[in-house]
Amino acid sequence: MGRDLDDVDRSILYLLQRNARGTTAEAMADKVGVSASTIRNRIDQLEDDGVIKGYHPEIDYEAANLPLQVAFVISAPPTELKNYSEQIRGIQGVIDVREMLTGRRNIHVDVVGTSTSDITRITDAIHDLGVEIESSEMMRRRHVQPFNHFFLQGTEEMDARANASDEDDESPTE
């Protein structure tokens, strides 16, 4: 089980989710109301505890000449999810695999490609594993935002019901 997070931890997570690369410990310290060394120590502890698992680039796949993005929903035997998940992640073009806790449609897979032949190759590779593709949908756009439980302490951003239209353009989208 995870560890309890205080307001400083939640504020750090919120700011890192909004812009991990462009936010310095000093800037975070100013916003959170603690010293930069406290921010760095807390980030180290959050990493050591496995709360922060990494820092990943936000990729515009279309700009990277991978204009086709498809989401597959797959059914696999529940006792074999881990095995199928590993095999699916080994297929070139797969960028995200999510194992569902319940339900028949228990693996969700996002893939990218340059052409329909790429998507067909990925589809065939998934079928060759012996699982059933329940549905596939072409993605137009993906939007990601910070989890609203991680807030910036001492600001109006603490309100989980804050109007999303008030957000500036720094919030991540894909």
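Of all residue pairs spaced 6 or more apart or on separate chains, those with beta-carbon atoms under 8 Å, a first member in region 100-114 that is within 7 Å of Val73 (Cα to Cα) and a second member that is among the basic types (Lys, Arg) and at pLDDT 95 or above are Ile107/Arg98; His108/Arg98; Val109/Arg98. Taking the condition surrounded by fewer than 17 Cβ atoms within 10 Å (Cβ to Cβ), over 19 Å from Arg142 (Cβ atoms) and touching a helix residue (DSSP H, G or I) at 6+ places or on another chain (Cβ under 6 Å), does Glu86 pass? Spelling it out, it is not the case that Glu86 is surrounded by fewer than 17 Cβ atoms within 10 Å (Cβ to Cβ), over 19 Å from Arg142 (Cβ atoms) and touching a helix residue (DSSP H, G or I) at 6+ places or on another chain (Cβ under 6 Å).
So, Ile74, is that one assigned by TED's automatic domain parsing to the domain that holds Ser115, within 18 Å of His108 (Cβ to Cβ) and in contact (Cβ under 8 Å) with a residue 40 or more places away in the chain or not? Yes; evaluated as a whole, the condition is true for this residue.
In region 50-96, what residues are under 21 Å from Asp124 (Cα atoms) and either of a type in the set (Asp, Glu) or in contact with a Cys (Cβ under 7 Å, 6 or more places away or on another chain) (or both)? Passing the criteria: Glu80, Glu86, Asp96. (1) closer than 20 Å to Leu68 by Cβ; (2) touching a Phe, Trp or Tyr at 6+ places or on another chain (Cβ under 7 Å); (3) buried (at least 17 other Cβ atoms within 10 Å of the Cβ): which one isn't true of Val131, the others all being true? For Val131, the failing item is (1). Considering only region 100-123, state which residues are charged (D, E, K, R), touching a Ser or Thr at 6+ places or on another chain (Cβ under 8 Å) and surrounded by 14 or more Cβ atoms within 10 Å (Cβ to Cβ). Selection gives Arg105 alone.
The values are calculated or read from the model by the stated rules, or taken from the named source; none is laboratory data. Small disclaimer: the values here were computed from a predicted structure and weren't measured. FYI the Cβ positions are ideal-geometry reconstructions off the backbone, even for glycines, and counts take in every protein chain you see.
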